[in-house]
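Worksheet: one structure, shown below.
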Amino acid sequence: MTEKITSGEYRALAELRYRIRLFLRAGDSTAYALGLEPQQYQMLLAIRGLDEKEPGTIGNFAEKLAIKHHSAVELIDRLEKRGYVKRLRDKNDRRQVHVLLLPRGEKALAGVVEERISELRATGAALVRTIETILDRRNGKPKSKRAR
């Protein structure tokens, strides 16, 4: 039988959603202030944050941003026009297009990321506490005192 969801868990989930929205909204504002649209920032971050084992294809980036392939193509088009990224056809499979981050894109991205990391270092403990409130009960653990 499933445990009843407590009022505390409802509050914690509401708090988690609130904190995530604050973080995302602040990231959008930072991106705008530095001349990037939020989705451009997200795409640059997806490109830069790609694990070297993953393919740097438009399809992969569309999946990471949870957008349609054609939307990712349009986003890459805009970034390429600004000199932030470059497309390269795969040598073995000409149907595959890889996207590379150029130094100008790296510089634009770094400005936003510095601000986001600083924000997380300043407010991340509250986010962690909120998540722990939800996870601790489900795992049968007493509330963690770690990030308080």
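Say each of ARG11 and GLU52 gets a label point 7 Å from the Cα, pointing the same way as Cα to Cβ; how far apart are those two points in nm?
Roughly 4.8 nm, to one decimal.
Can you pull the Kirkwood radius for the chain, inverse mean 1/r over Cα pairs, to one decimal in Å? Working shown, then result.
On the way: mean 1/r = 0.0566 Å⁻¹.
One over the average 1/r among Cα pairs gives 17.7 Å for the chain.
So how many Lys-Lys pairs in the stretch 18-148 land under 27 Å Cα to Cα, not counting same-chain pairs under 8 apart?
16
Cut-off is 10 Å between beta-carbons; in what order do ARG116, ARG78, ARG95 appear when sorted fewest neighbours first? Kindly include the intermediate steps, with their values, before the conclusion.
Numbers: ARG116 18, ARG78 14, ARG95 7.
By the 10 Å Cβ count, ascending: ARG95, ARG78, ARG116.
Which FRET efficiency value, to the nearest 0.05, is calculated for PHE23 and LYS81 with the Förster distance at 30 angstrom and r the Cβ-Cβ distance?
0.55
Could you put SER29, SER7 in order, starting from the residue whose Cβ has the fewest other Cβ atoms within 10 Å?
SER7, SER29
Values quoted throughout were computed directly from the atomic coordinates according to the rules given, and no laboratory measurement underlies them. These numbers come from a predicted model, not from an experiment. Every residue, glycine among them, receives a Cβ derived from its backbone with ideal geometry; neighbour counts consider all protein chains shown.
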